[in-house]
RNA sequence: GCUCAGAUGGUGGAACUGGUAGACACGCAGGACUUAAAAUCCUGUUCCCGUAAACGGAGUGCGGGUUCGAUUCCCGCUCUGAGUACCA
């Protein structure tokens, strides 16, 4: 039979499903290998041709690893909470769970069609209560943990409480909020429950805090930093504003150092690691305290800042005057330049600005602040050239020499980074330099070799000048000396600063995991573990309430009512009275948290759930986690570089700290598959200007082929003339033709093949095309009545754009599978080019892969399509072809070069076809090697070859035997002065000297020598001969 | 601006440690088969000179360098894509 891909593929997909061929075992004598794909968000549009690229690669790798004797875990699931389903729900009123369910069904059908070897018994859906129960559970573990810097790990909050009650806050080195209190054990024990809880919240790894958030009013929610692009929301492009809100946050900053260090030990693409490093943004430097100069008059109460550690403040000459604070801190990476500081700048939003502004400067400063507020985030970013700022009228004191320094505000200092204040060193920092020049502030050189004529010179070379006790020292010496001095006088210390902020963990949205928390007197408490999952309640509308509360506030009677049985603290009393709110006697129950978890909650641990997806007792059994440990290969897009991949590493480290995970890093090796862009097709339509027309007739639709259009555009007179004449003939008498114009119109790429338009399909596409006239590439014309054969084609123009419905360039895998089959599509997607490289999708060329599979099929069949394979002993040439491909494919797969292995398969099949090889000894091995790429056709041939159905997936990978590739002759390329001139066959046993003699004796070589003696002859054995004259 | 990645025929791409540039495939051109079309098969296809072949010249974004030999290494530049953005 001919190659019937439809039958074959359907049959084997059913076989794999019904026999659970790819079900992985959680224990095995084989070594484990975990291949993970970034699970998809099931969108309504279904899969387009770009989505499966990574899945195909990971599937090939999984199948290959099974052949190589590994116990492979290769699961798939759905990241099924998310905004699009909710937006759809808002528009249609349909519950997001229904939409999501439908979309998942579509995805599943599409994935099944591609013949993936997923173990579907482990499927997860983040929106399923069985799954989000454990997402909530992990949230509870985070709530019950704090980060102990002494041990560099997370520990139970109970240990912290124990420490507080015996030692107070003394000796605790934690990552916590800035304003943690200092207290003794007695003071702690004397605190009320609420005061204690409020204090503990400052330590918990997930905590509630008023923070500035990216509020997107149009989406009605808060967005993470990585969801905001250029000041607008990444999804939908709605405006985003800064707003203060009470928010759940994750103390990811506790892990900043470990997240940074961990990058050194994982095999990820360098650009991606670099992105994470930049995101974490570690800078090593020092914090320096600048004392405030007396004379500040202010009605403001004392600000909080600077209250702690006041005893360390250097004495200021007139300390009797009350100040809002006695100092503030700046962060600097160049503490060695401290004697070059000629002014200090605060962010306009800095808390001390109002208090430190003198009455004389009040107007100027306020005007400047107003101006800054007006500027949108975008303007502030774009406008980096203009220098602006305002003098506060106050002075600060250099802590090392007591010098009086002007205090300015300027919007180039960001409130959100460091302390929101910088010490300006105009001689060494270009921004400071421009600022100083603009406002005529002093610039003091501090290095002997510094050149500050036209710009700042940040050099670290040379010796210090104008710098007090560090004069004459080098950079390294000076830095150490300054830090030591600052510490000695209590005016600063070495400090590491991170750009990364704690991650906001909440959305004012419906379609997400409910936070397992209720409130008592404004303080958050966890519900009981036994009460998990906290199910997402039904609501009438998926919108915020009129009062602006999140959608969950609409849920009727959705209050925390502790179960009466078993009775427990915080629950109901035996008589049924609630203990929850002692003050209010709240029988109604306590309010739940109304925001839901963000999109990244469910995806930050899902690879563990795959290890033990059905477990109802725990998030994944200990034995399962100990067996699979971590992901060996993770494939997905680089767009998750600073979101998912950072949060996942964070949660993994936390899970390791509390003993639930084994490895410090979750994903050992990661590959980014490139993005597939769309390749749009365009037609050119004539739009002539018609003079003297009335509305009694319609302009004829005339399309011209690309080549004709180009001739026209180049001003080819004949073409212009002909088109005008042609068009004129189409028009009724009264019309006069003016100038010709063209519309460039998208044509659906599915009607275009190798840039040639399928005219019949195009006519059917839209009503107005029905009567269209086409001028083809050679100038011939097709009329609506005339569909006969034409020699020429109608060629479309092309352009690379984003793949989107509106550009008519979406290619759906379903159509291609229908036409060519899954095996062809799988191989074609790999054949397209290197996996990591982004490229436009182009269906041109898929025929070549299809032809290859037919040719492969034909190797096993005779001219009548009868199966025809014999048991004869293969020849040397046949063995050579086979072993070449065994080695090549193995090498290629190991370095994820799938495109080159597809080429090699083509070469092998071409060779074996030429050799007319139909020997089982060769073809059976070839089936095994090809099966990861084209599993269906290989399963079919495997059975035809007499093997048991279903055993191919676990067959042994053929062993490469190098003896088949040993050559005894080699055609040496002979080059003269580096230019290859001819090839000479010589035995490989010859030594370079013998080769040289043979080459120089050759008559053809003599011709090139032209009687001269070569200066030098280079012979690389088995490679090349180069003669230099 | 900074960081990273990349630039090879008409197209996608290959050349893995410096050793025959353009494998493999698409497209195109010509041919075979066919009443015809589709399918299939064969031949050619980097560019320039030349009717053609032999032959000759140029050639991996541009300009230099190292080397017997450079798509590969070094220096400088141009362009494209991605990330990031006043980070102190």
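The values are calculated or read from the model by the stated rules, or taken from the named source; none is laboratory data. On a predicted model such as this, the values are computed, not experimentally measured, just so you know. Cβ sites come from the backbone with ideal geometry, for glycine too, and all protein chains shown count toward neighbours.
A few points about this structure:
- Taking the criterion of being part of a helix (DSSP H, G or I) and more than 12 Å from RNA strand B (Cβ to nearest atom), the residues of region A:809-842 that qualify are A:813, A:814, A:815, A:816, A:817, A:818, A:822, A:823, A:825, A:826.
- Restricting region A:237-264 to residues that are part of a loop (DSSP other than H, G, I, E, B) and within 16 Å of RNA strand B (Cβ to nearest atom), the residue that is nearest to residue A:672 (Cα to Cα) is A:237.
- Failed item, numbered, when residue A:582 is tested on (1) at pLDDT below 50; (2) closer than 14 Å to residue A:527 by Cα: (2)
- Condition broken by residue A:879, with the remaining ones in (1) under 47 Å from the mean Cα position of the chain (by Cα); (2) closer than 16 Å to residue A:913 by Cα; (3) within 14 Å of RNA strand B (Cβ to nearest atom) satisfied: (3)
- Enumeration of residues in region A:511-522 that are in a loop (DSSP other than H, G, I, E, B) and either within 29 Å of residue A:279 (Cβ to Cβ) or touching a strand residue (DSSP E or B) at 6+ places or on another chain (Cβ under 7 Å) (or both): A:511, A:512, A:513, A:515, A:516
- Summed over region A:861-895, the residues that are in contact (Cβ under 8 Å) with a residue 60 or more places away in the chain, in contact with a helix residue (DSSP H, G or I) (Cβ under 8 Å, 6 or more places away or on another chain) and under 19 Å from residue A:930 (Cβ atoms) give a count of 10.
- All positions within region A:586-622 that are over 23 Å from residue A:665 (Cα atoms) and touching a strand residue (DSSP E or B) at 6+ places or on another chain (Cβ under 8 Å): A:586, A:587, A:588, A:589, A:590, A:591, A:592, A:593, A:595, A:596, A:597
- Tally, over region A:960-975, of residues that are surrounded by 16 or more Cβ atoms within 10 Å (Cβ to Cβ), within 16 Å of RNA strand B (Cβ to nearest atom) and closer than 20 Å to residue A:881 by Cα: 2
- Here residue A:211 meets each of (1) surrounded by fewer than 18 Cβ atoms within 10 Å (Cβ to Cβ); (2) more than 30 Å from the chain's Cα centre (by Cα); (3) closer than 22 Å to residue A:498 by Cα with one exception, condition (2).
- Region A:3-42, residues that are under 25 Å from residue A:810 (Cβ atoms) and surrounded by 18 or more Cβ atoms within 10 Å (Cβ to Cβ): A:5, A:9, A:13, A:37, A:38, A:39, A:40, A:41, A:42
- Count of region A:891-920 residues which are more than 9 Å from RNA strand B (Cβ to nearest atom), assigned to a helix (DSSP H, G or I) and buried (at least 17 other Cβ atoms within 10 Å of the Cβ): 6
- Verdict on residue A:925 being more than 44 Å from the chain's Cα centre (by Cα) and either away from RNA strand B (no atom under 16 Å from the Cβ) or surrounded by fewer than 17 Cβ atoms within 10 Å (Cβ to Cβ) (or both): no
Table: residues versus (1) within 16 Å of RNA strand B (Cβ to nearest atom); (2) under 22 Å from residue A:885 (Cα atoms).
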| residue | (1), (2) |
| --- | --- |
| A:941 | no, yes |
| A:945 | no, yes |
| A:958 | no, yes |
| A:998 | no, no |
| A:1010 | yes, no |
| A:1013 | yes, no |
| A:1016 | yes, no |
| A:1022 | yes, yes |
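- Checking residue A:665 against (1) touching a strand residue (DSSP E or B) at 6+ places or on another chain (Cβ under 8 Å); (2) modelled with pLDDT of 85 or more, the condition it does not meet: (1)
- For residue A:951, the conditions (1) farther than 25 Å from residue A:14 by Cβ; (2) without any contact (Cβ under 8 Å) to a residue 40 or more places away in the chain are fulfilled apart from (1).
- Segments classed as helices (runs of 4 or more DSSP H), wholly inside region A:265-376, with at least 1 members that are surrounded by fewer than 14 Cβ atoms within 10 Å (Cβ to Cβ) and modelled with pLDDT under 90: A:270-280, A:362-374
- Scan region A:752-773 for residues that are outside any loop (DSSP other than H, G, I, E, B), in contact (Cβ under 8 Å) with a residue 40 or more places away in the chain and within 16 Å of RNA strand B (Cβ to nearest atom) and the total you get is 4.
- When residue A:978 is tested against (1) more than 19 Å from residue A:1024 (Cα to Cα); (2) within 16 Å of RNA strand B (Cβ to nearest atom), exactly one condition is not met: (1).
- Candidates in region A:1004-1028 are the residues that are assigned to a loop (DSSP other than H, G, I, E, B) and surrounded by 14 or more Cβ atoms within 10 Å (Cβ to Cβ); of these, the one that is modelled with the highest pLDDT is A:1021.
- Residue match in region A:856-872 (condition: under 23 Å from residue A:35 (Cβ atoms) and away from RNA strand B (no atom under 11 Å from the Cβ)): no
- The listed residue being more than 15 Å from RNA strand B (Cβ to nearest atom) and in contact (Cβ under 8 Å) with a residue 24 or more places away in the chain, out of A:434, A:400: A:400
- Here the strands (runs of 3 or more DSSP E) wholly within region A:389-499 that include at least 1 residues being more than 41 Å from the chain's Cα centre (by Cα) and either surrounded by 20 or more Cβ atoms within 10 Å (Cβ to Cβ) or outside the structural domain of residue A:368 (by TED's automatic domain parsing) (or both) are A:390-397, A:404-409.
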